[in-house]
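Beneath this line is the structure, given in structure tokens, with notes to follow.
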Amino acid sequence: MKLALLAVGVIAGTFWSRIARSEMLKEGQIAPDFSTEMVVGDQIKAVKLSDFRGKQLVLYFYPKDNTPGCTKEACSFRDGFSRFEKAGIVVLGCSIDTSDSHRAFIKKYGIPFPLLLDHDKSIARAYGAANGIPILGFDRRITYLIDGSGKIMKVYPSVDPSTHAGEILQVLEKSASGSASAKPAAN
């Protein structure tokens, strides 16, 4: 009996994980707009993706506040935040955690950027991050770079939490230096 239940559970889990995951977006697609709240320090503010038009944006999804990998990733973005800010790039983290959890996480680790609230997973579903860890109901770890017009520039479907922010900064700095050298010389 136990073996039969285990087999049913494995089959159901496999089937569910395949149907529950939403498709990741692709480079060149327009990023889906969203409307939610974000935690900034200890404040909660209403926000829409369209509020960031004209700015480059890093939107990263992570499974859960205060877990080892998610803490490494948030701290990596924190440690590189001044470089993102200097480049005019907005950083937003997103998970299904509560506002209280986000506030505590921000305070404990000195996170200087906003964390989005996604209680109903509507943002995660729209961006293909929903149910990355189906057994626990957590989102997958995925990052999108979005340009000022709302187009997805780059997708990071698999990341190393401790080096991910640095990897993004290298790509952005390389593309910035490449575009600077491509500018025509003044006469």
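Some points to look at:
- A single entry from Phe113, Phe77, Phe84 fulfils the requirement of being in a loop (DSSP other than H, G, I, E, B), touching a strand residue (DSSP E or B) at 6+ places or on another chain (Cβ under 8 Å) and under 27 Å from Lys174 (Cα atoms): Phe113.
- Selected residue (criterion: surrounded by the fewest Cβ atoms within 10 Å (Cβ to Cβ)) from residues of region 121-148 that are over 14 Å from the mean Cα position of the chain (by Cα) and modelled with pLDDT of 90 or more: Gly148
- Check on Lys55, in contact (Cβ under 8 Å) with a residue 24 or more places away in the chain and within 23 Å of Leu172 (Cβ to Cβ): yes
- Selection count, region 49-71, where residues are at pLDDT 95 or above and touching a His at 6+ places or on another chain (Cβ under 7 Å): 0
- Evaluating Asp79 against the criteria (1) touching a residue at least 40 places away in the same chain (Cβ under 8 Å); (2) within 24 Å of Ala31 (Cα to Cα) leaves one unmet condition, (2).
- Selection count, region 18-39, where residues are surrounded by 11 or more Cβ atoms within 10 Å (Cβ to Cβ), assigned to a loop (DSSP other than H, G, I, E, B) and either modelled with pLDDT of 95 or more or of a type outside the set (Ser, Thr, Tyr) (or both): 9
- You will find that of Asp79, Asp97, the residue that is modelled with pLDDT under 95 and of a type outside the set (Val, Ile, Thr) is Asp97 and no other.
- Residue match in region 40-48 (condition: outside any strand (DSSP E or B), crowded, with 18+ Cβ neighbours inside 10 Å and at pLDDT 95 or above): no
The values are calculated or read from the model by the stated rules, or taken from the named source; none is laboratory data. What you are looking at is a predicted structure, and each value in this text was computed from that prediction instead of being measured. Here Cβ is always computed from backbone atoms with ideal geometry, including for glycine, and neighbour counts include all displayed protein chains.
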